[in-house]
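Structure record follows, encoded as structure tokens.
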Amino acid sequence: MTKKRILSVVGARPNFMKIAPILLELDRRYGHFDSKLVHTGQHYDQAMSDVFFHELGMKQPDYNLGVGSASHALQTAEIMKRFEEVCRLEKPDLVVVGGDVNSTLACSLTAVKMLIPVAHVEAGLRSFDRTMPEEINRLVTDSISDLLFTTEISGNCHLKAEGIPQEKIHLVGNTMIDSLVRFSAELSRNGGRPRVNALADAGFYLATIHRPANVDEPEQLAKVLDILLSASDGLPVLFVAHPRTRERLRQFGRDERFVEIQGEIGEVRRGLVYLLPPLSYLDFLYTMSRATAVLTDSGGIQEETTFLGIPCLTLRENTERPITVEVGSNEIVGLDRKRILACLRSISAGRWKKTAVPPLWDGKAAGRIVDILESW
Ligand code: UD1
């Protein structure tokens, strides 16, 4: 039997935990698949990339394209140019891309132009906000993919409405949750991170904000910072800052109630926001699983908090992951300070909505995907 040659792509931080379970499953079925991994190098820092490979037990990439940061056009073009070379050498039967980052768009576009089929993991999500670069990446990738693996039923509905043939679409669940399930024993281990446990006893909010719409304009960033400071009057805020956010804080300035933490978190006080560098995958999950509430503009964190049952406030006007609001712990609050503070009061008073885990978010999505690849 000839093995199917699968080339999987990762590029940016949110790709790693989504693709890792698929790589493990492909390797487990090595009799059927010859699996290789390409890292575009869109994210390249130790804290944004290497630590994830290590913690998720991912094999080293067979190719690292080393593209680094640049404008959208340059970054996308450079990935396409370098990925085309890899496809020419490897002649894969299928390229697997995940999520909605520039690497996803660039590699799917390169592959289809070389008549190589593409599988998109996390297909069909729509915010209907075309000012978001991710929405453009999702629309283009879905429209040219041959296999579309969705995480929630809204994805199937959108793809159908866009005219994608039914036989290409498969509701498989969420591979990001596969990774979370895999490490759940570690998360529930008491004493895992004593300092975080001590903070959790008194309560704290965890914040991550990095979307261009929230941090690239001084007025928007000022609103975000004001919200975090107001929240900190209730409970201390741990603000894990993405490099983009960190750079904007340096450019636009911030007041002295934002306190830098480099190493271990020491005593924390209300009225202050503690700025942390990017955390590793497991450190972040552990901290999130102990938080009183999470304030974020990330996509994946809306899903992880839903799975963990941690209240989540999404500081955006929309979400491409509506199931996290419908059955999960998420609420879309924009930058409405009054509303956010009211939500935080409800959470502290134990009056948050009852939540559930969405269908098929059971840790077995990668298995379903690889079953389909086997028979495809
Ligand atoms: C990208 C994704 C976004 C995702 C986010 C998660 C796109 C369009 N956006 O946004 O969907 O939510 O990743 O992190 O693909 N930088 C570093 N070190 C790194 C990588 C980036 O310092 O390892 C800095 C650089 O200054 C760079 C900036 O972060 O210019 C932005 O990086 P980029 O990859 O362009 O986009 P993200 O904002 O990370």
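The values are calculated or read from the model by the stated rules, or taken from the named source; none is laboratory data. Values in this document were obtained by computation on a predicted structure and should not be read as measured data. Please note: Cβ atoms are built from the backbone with ideal geometry, for glycine as well, and neighbour counts cover all protein chains shown.
Looking only at the stretch 324-348, how many residues end up being surrounded by fewer than 22 Cβ atoms within 10 Å (Cβ to Cβ) and under 18 Å from residue 125 (Cα atoms)? Counting residues in the stretch 324-348 that are surrounded by fewer than 22 Cβ atoms within 10 Å (Cβ to Cβ) and under 18 Å from residue 125 (Cα atoms) gives 5. Out of everything in the stretch 135-159 that is among the acidic types (Asp, Glu) and over 14 Å from residue 97 (Cα atoms), what residue ends up being surrounded by the most Cβ atoms within 10 Å (Cβ to Cβ)? Ranking the qualifying residues of the stretch 135-159, first place goes to 152.
Evaluate the following for residue 279: is it surrounded by 15 or more Cβ atoms within 10 Å (Cβ to Cβ) and in contact with a Cys (Cβ under 9 Å, 6 or more places away or on another chain)? Break it down stepwise before answering.
On the way: surrounded by 15 or more Cβ atoms within 10 Å (Cβ to Cβ): yes; in contact with a Cys (Cβ under 9 Å, 6 or more places away or on another chain): no.
So residue 279 fails the test.
Among the conditions (1) surrounded by fewer than 16 Cβ atoms within 10 Å (Cβ to Cβ); (2) without any contact (Cβ under 8 Å) to a residue 24 or more places away in the chain; (3) closer than 24 Å to residue 366 by Cβ, residue 162 misses just one, which is (3). Residues in the stretch 289-306 that are assigned to a helix (DSSP H, G or I) and away from the ligand (no atom under 16 Å from the Cβ) were compared, and the one that is nearest to the chain's Cα centre (by Cα) is 306. Just so you know, in the stretch 84-110 the residues that are touching a Leu at 6+ places or on another chain (Cβ under 8 Å) and within 29 Å of residue 128 (Cα to Cα) include one that is nearest to the ligand (Cβ to nearest atom), and it is 100. Restricting attention to the stretch 277-288, the residues that are away from the ligand (no atom under 15 Å from the Cβ) and of a type outside the set (Val, Ile, Thr) add up to 5.
Considering (1) out of contact with any Phe, Trp or Tyr (no Cβ under 7 Å at 6 or more places or on another chain); (2) away from the ligand (no atom under 16 Å from the Cβ); (3) at pLDDT 95 or above; (4) not in a strand (DSSP E or B), the lone condition that residue 354 does not fulfil carries the number (3).
Among residues of the stretch 189-203 being on the phi < 0 side of the Ramachandran plot and in contact with a helix residue (DSSP H, G or I) (Cβ under 8 Å, 6 or more places away or on another chain), the one that is surrounded by the fewest Cβ atoms within 10 Å (Cβ to Cβ) is 190.
Residue-wise test of (1) among the acidic types (Asp, Glu); (2) within 16 Å of residue 287 (Cβ to Cβ); (3) not assigned by TED's automatic domain parsing to the domain that holds residue 312.
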residue	(1), (2), (3)
165	no, no, yes
202	no, yes, no
207	no, yes, no
219	yes, no, no
225	no, no, no
230	no, no, no
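So if I check each of 51, 10, 86, which one is hydrophobic (A, V, I, L, M, F, W, C), crowded, with 17+ Cβ neighbours inside 10 Å and within 20 Å of residue 138 (Cα to Cα)?
Numbers: 51 fails: within 20 Å of residue 138 (Cα to Cα); 86 fails: within 20 Å of residue 138 (Cα to Cα).
The unique qualifying residue is 10.
Go through the stretch 22-48 and give me each residue that's surrounded by 14 or more Cβ atoms within 10 Å (Cβ to Cβ), assigned to a loop (DSSP other than H, G, I, E, B) and among the small types (Gly, Ala, Ser). If the condition is that a residue be surrounded by 14 or more Cβ atoms within 10 Å (Cβ to Cβ), assigned to a loop (DSSP other than H, G, I, E, B) and among the small types (Gly, Ala, Ser), then 41 is the only one that fits.
Which ones in the stretch 62-79 are surrounded by fewer than 18 Cβ atoms within 10 Å (Cβ to Cβ) and either assigned to a strand (DSSP E or B) or within 16 Å of the ligand (Cβ to nearest atom) (or both)? Break it down into steps so the answer makes sense when it comes.
Keep residues of the stretch 62-79 that are surrounded by fewer than 18 Cβ atoms within 10 Å (Cβ to Cβ), which gives 62, 64, 66, 68-74, 77.
Scanning the stretch 62-79 gives 64, 66, 68, 69, 70, 71, 72, 73, 74, 77.
Among the residues of the stretch 45-64, those identified as of a type in the set (Phe, Trp, Tyr) and closer than 14 Å to residue 8 by Cβ are 53, 63.
Listed here are the residues, each with its yes/no results for (1) modelled with pLDDT under 90; (2) within 30 Å of residue 373 (Cα to Cα); (3) in contact with a Pro (Cβ under 8 Å, 6 or more places away or on another chain); (4) not small (Gly, Ala, Ser).
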position	(1), (2), (3), (4)
213	no, no, no, no
221	no, no, no, yes
231	no, no, no, no
256	no, no, no, yes
272	no, no, yes, yes
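Only residues that are in contact with a helix residue (DSSP H, G or I) (Cβ under 7 Å, 6 or more places away or on another chain) and of a type in the set (Val, Ile, Thr): list them for the stretch 241-264, please. Once the filter is applied, which keeps residues that are in contact with a helix residue (DSSP H, G or I) (Cβ under 7 Å, 6 or more places away or on another chain) and of a type in the set (Val, Ile, Thr), the stretch 241-264 yields only 245.
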